[in-house]
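The values are calculated or read from the model by the stated rules, or taken from the named source; none is laboratory data. Small disclaimer: the values here were computed from a predicted structure and weren't measured. Counting neighbours? That spans all protein chains shown, and the Cβs are built from the backbone with ideal geometry, glycine included. Ligands, DNA and RNA are stripped out before the accessible areas are found, and what is left, the full protein with its side chains, is counted by its heavy atoms. Shrake-Rupley method; radii C 1.70, N 1.55, O 1.52, S 1.80 Å.
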Amino acid sequence: MVPSLNNQTMLLSLKLTVIVIGLWFGAAIAELQRFQHPAKADGSLSVLVVGDWGRKGTHNQSEVAVQMGKTADKLNPDFIISTGDNFYEDGLTGTDDPAFAESFTNIYTAPSLQKQWYSVLGNHDYRGDALAQLSPILSQRDSRWFCLRSYVLDAEIVEFFFVDTTPFEDKYFSDPEDSTYDWRGVLPREEYLSNVLKDVDKALRESSANWKIVVGHHTIKSAGQHGNTVELVAKLLPILQANNVDLYINGHDHCLQHISSSDSPLQFLTSGGGSKAWRGDVSWWNPTEMKFYYDGQGYMTLEITQTEVGFTFYDIFGNVLHKWSTHLRSRTIDSAIRREFSLC
Ligand SMILES: *[C@@H]1O[C@H](CO)[C@@H](O)[C@H](O)[C@H]1NC(C)=O
């Protein structure tokens with residue numbers, strides 16, 4: 001009897017080993033999910049970007065939303081991007097949480113904002129039922145809603161790479177007893193992060209789009225309250241630079257901000273002004289890199305063609321605060337010059 005029991009145990013553990021290896025292998029060769037959103041008939045694309053917003057209309061969220069509607073009337077955006085912290089303070093309690101309607105459906109009511117929204121999760125979203133925001137049930141409640149952790153959005157002339165940045169921050173994990181965050185689907189953490197980095201790198205390397213834009217909730221470079229996210233500077237930034245990413249767009253710091261880099265064409269943009277603003281909370285930053293900082297509320301637009309990408313920041317009154325654009329050819333010449341220099 002005893003040996004046969006042992007055999008059964010061995011067989012079971014063998015089966016488990018096969019399953020575990022299978023899962024590991026499956027995860028290792030996984031790719032980011034891809035979605036498509038067609039550009040306009042003339043090949044151009046325009047997008048509205050807002051972050052850090054869901055406060056049931058308070059802290060000027062409603063005023064920002066009204067102004068977004070006015071800008072969208074003129075711009076006719078193809079879709080809207082949310083840089084995360086979609087629902088304060090603690091995400092959603094579930095797919096039936098009334099906050100979804102109170103902070104999203106009933107706030108962004110302008111006809112010009114009835115477009116697809118593409119969202120990522122912020123740290124505050126992870127403080128509630130994170131899976132609820134990823135659920136197709138929410139898209140049934142409001143068909144504009146679309147949120148996943150990391151994915152690729154192919155918009156023909158440009159590809160957007162959405163990255164789940166919250167699990168990168170050590171401080172959310174520093175207390176092992178902390179049950180504040182909903183880490184379902186994220187643990188074991190090291191494996192999750194290494195897969196995200198591998199998948200993003202692969203998707204960027206294989207992209208043949210004219211423009212590459214990466215979106216995440218957390219900052220890479222920022223003079224705001226949170227400042228740089230050192231984990232992303234160490235792990236994600238080298239991948240963005242190696243793959244000639246044009247823009248990195250984040251929220252998290254409740255401001256509007258444009259930082260350029262002296263060592264690559266990559267521009268760092270913060271659109272985190274969807275509701276509560278952190279007025280006066282700004283650190284010194286090298287003025288040759290700091291192109292624009294606004295510590296009030298607002299949002300950003302992107303206008304993209306085959307040969308040009310531009311962005312504009314707006315305040316709550318619809319005033320244009322800052323505008324920037326770059327041309328594909330100058331970027332190519334730029335990087336050619338840079339290659340020559342690095343060869344010397
Ligand atoms: C709302 O926006 C106005 C205009 O920028 C500002 O004066 C006011 O302080 C803001 N209110 C809040 C609660 O942030």
## Note on the structure
Measuring from its Cα centre, the chain shows a charge dipole (+1 at each Lys and Arg Cβ, -1 at each Asp and Glu Cβ) which, in debye to the nearest 20, is 640
### Message
With n ≥ 4 as the cut-off for DSSP H runs, can you work out [θ] at 222 nm for the chain, using -39500 (n - 2.57) per run divided by the number of residues, rounded to the nearest 500?
### Response
-9000 deg cm²/dmol
### Query
So what is the accessible area of the range 5-343 per residue, in Å², with the probe set to 1.4 Å?
44
### Task
Could you check what % of the DSSP bridge pairs in the range 5-343 are antiparallel, to the nearest 5?
55
### Task
On the protein heavy atoms, probe 1.4 angstrom, tell me the percent of accessible surface of the chain carried by carbon and sulfur.
57
## Note on the structure
Diffing the range 197-213: the Karplus 3J(HN,Hα) column from phi (6.51, -1.76, 1.60, θ = phi - 60°), in whole Hz with x for Gly and Pro, holds 5, 5, 5, 5, 4, 5, 4, 5, 4, 7, 6, 10, 5, 4, 10, 10, 10
### Query
How do the peptides 78-85, 254-261 rank, highest first, by the average count of neighbouring beta carbon atoms within 10 Å per residue?
78-85, 254-261
### Set of aspartates and glutamates near K56 by C-alpha distance (under 14 Å), chain-local residues within fewer than 8 positions excluded
D85, E89, D90, D97, E102
